[in-house]
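First comes the structure, then the notes that go with it.
Taken together, the values in this text are just the output of simple stated rules run on the coordinates, not laboratory data. What you see is a predicted model, and the numbers here were worked out from it, not measured in a lab. FYI the Cβ positions are ideal-geometry reconstructions off the backbone, even for glycines, and counts take in every protein chain you see.
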Amino acid sequence: MTEQAIPEVELSVEGLLAAAIEATGGLTDFGDDSFREPLAVLVKALNEEAQLNAGGRFGQYQRILNSLIIRLRVEAWIARHPEILDEQVLAPVVIIGLQRTGSTYTHRILASDRRFYAPLWYEVRNPAPELDWDFSGKDPRITSAEAEIAAMLEANPEIAAIHPMDPVGADEDILLLEHSFYSTIPDAFCNVPSYGAWIDSHDNTPGYVYLKRLLQFLQWQKKRNGQQAERWLLKTPHHLHHIATLLKVFPDAKVVQTHRDPLQTIPSAASMNYNLWIMCSDAVDPKVVGEQWANKYARGTLHTMATREQQPEAFLDVWYKDTISDPLKSMERVYDFIGMPFTAEARDAMERYREDNQRDARPAHEYTLEQFGFSEQQLKDMFADYRAKYL
């Protein structure tokens, strides 16, 4: 899309709410009002802090509008099928860890076991189908997801080297939290420090309650499509910041924490977010990206460590080096922890996944510590407690 072809949009709360109502033919129930305050904080930050270019402004407008449309459709589906809220989200397995610790690989190799419900990329981007969708034929949400991923990779091919993009692959449930407006997705795309500070300083329970509502809805959809699984398999580094809240909303969750030295992971995470920021703004300082995300993850690791002291039985540790050297042995430990048999069928499915998804099939991800304003000593100091306990 050329600069001239990018539509001008009104990035305001009132305009976005009105556009969502119009796009859904007059639906007006957005669900619980808890989304309204963080939405207002986000829109203000996008207008005043993010220094968006035309493409970034349009893209962020579209993401927010999409979330509002989803909220309207979710409530409309539940009004038609109140049995959606009878779905039980039992003992979800939740993978957490710093970015670049093997959490995506762990998530996707486990998701090859059909006994898990896994949130797929097209589902987390758009958990609410059109109201006339009859669950037959190719889901139009997949077509939309394919186009979105193609557009992202065209805008910045470097993303493919950082995070494998698959419209029908298992992906992060932070993209479901995004629809509650309690997430770090905006921070990943733009410089919106006031929004990030608001999320850090407010109770995120409404976001996790809405996450559960969306999982109930997706579980109901998956059953209508013939899938019968035992439990959800979730994953996102975001949960490091709010794991106590997650365990409050999902008290029977089993948490798998992946580990790798922050000296390796934090610069890589900064590189990923930098490559998203530059799609939205022409005024991106990589050192600002690095500082924001290093501080965010330093707080998150400390929060998770404190929570683990209170609920140690809810956690299992998995190290990146073990996952890379012998992934099936690491997965066997996960199955022992969650109390599920590691069947021959599951092992065979994982072997097929390994064969079909080798890391050397993707381009290398290149970056340096200095590029993002880091020194080794600085990161050692920021993550001293974490490194002492887990490395």
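A few remarks follow.
- Applying the Karplus relation 6.51 cos²θ - 1.76 cosθ + 1.60 with θ = phi - 60° to the stretch 176-186 yields 3J(HN,Hα) values of 7, 4, 3, 6, 8, 6, 10, 7, 9, 4, x Hz, where x marks Gly and Pro.
- Counting DSSP beta bridges with both ends in the stretch 89-390, the antiparallel % (nearest 5): 5
- With R₀ set to 51 Å, the beta-carbon distance separating ALA388 from GLN358 gives a calculated FRET efficiency near 0.90.
- Two-site label geometry, HIS81 and LYS223: point separation in nm, points 7 Å out along Cα→Cβ: 0.9
- Three-way shape call for the stretch 245-391 based on the alpha-carbon gyration tensor, with the a/c threshold at 1.5: oblate
- The mean sequence distance of close C-alpha pairs (under 8 Å, at least 6 residues apart), as a share of the length of the chain, puts its relative contact order at 24 percent.
- In a reduced charge model with +1 at each Lys and Arg Cβ and -1 at each Asp and Glu Cβ, the chain shows a dipole moment near 900 debye about its Cα centre.
- Centroid-to-centroid separation of the stretch 2-62 and the stretch 225-274 [C-alpha atoms, Å]: 27
- Label sites at LYS138 and VAL168, each approximated as a point 7 angstrom past Cα along Cα to Cβ, lie 0.9 nm apart.
- For the stretch 106-114, 3J(HN,Hα) per residue [Karplus equation, 6.51 cos²θ - 1.76 cosθ + 1.60, θ = phi - 60°, Hz, x = Gly/Pro]: 4, 4, 6, 6, 5, 5, 5, 7, 5
- Farthest positive-ward along the stretch 184-317 dipole, Cα basis, beta-carbon charges - from LEU302, TYR210, THR236: TYR210
- Remark: relative contact order (the stretch 9-105) = 39 percent; criterion is Cα-Cα distance under 8 angstrom and separation of 6 or more residues.
- Amide H contacts of PHE116 (H built 1.01 Å from N, under 5 Å, at least 5 apart or other chain): GLU230
- Selection from VAL43, ALA170, VAL9, by position along the positive dipole direction of the chain (Cβ): ALA170
- With only Cα atoms counted, the chain has Rg and Dmax values of 20.3, 57 Å.
- Set of the stretch 41-64 residues, backbone N closer than 17 Å to the point 7 Å along the Cα-Cβ line of ALA283: 44-58
- If you plug the beta carbon distance of ALA150 and ASP381 into 1/(1 + (r/R0)^6) with R0 = 35 Å, you get a FRET efficiency near 0.25.
- Amide H to amide H, with H built 1.01 Å from N, LEU234 comes under 5 Å of VAL93, VAL94, ILE95, counting only residues 5 or more places away or on other chains.
- Sequence-ordered 3J(HN,Hα) estimates for the stretch 42-56 from the Karplus curve with 6.51, -1.76 and 1.60 and θ = phi - 60° stand at 5, 4, 4, 5, 5, 6, 9, 10, 6, 6, 5, 7, 4, x, x Hz, glycine and proline given as x.
- Residues whose amide H comes within less than 5 Å of that of LEU316, counting only those at least five positions distant or on another chain, are VAL255, VAL256, GLN257 (H built at 1.01 Å from N in the peptide plane).
- The chain: calculated mean residue ellipticity at 222 nm from DSSP helix runs of at least 4, using -39500 (n - 2.57): -17000 deg cm²/dmol
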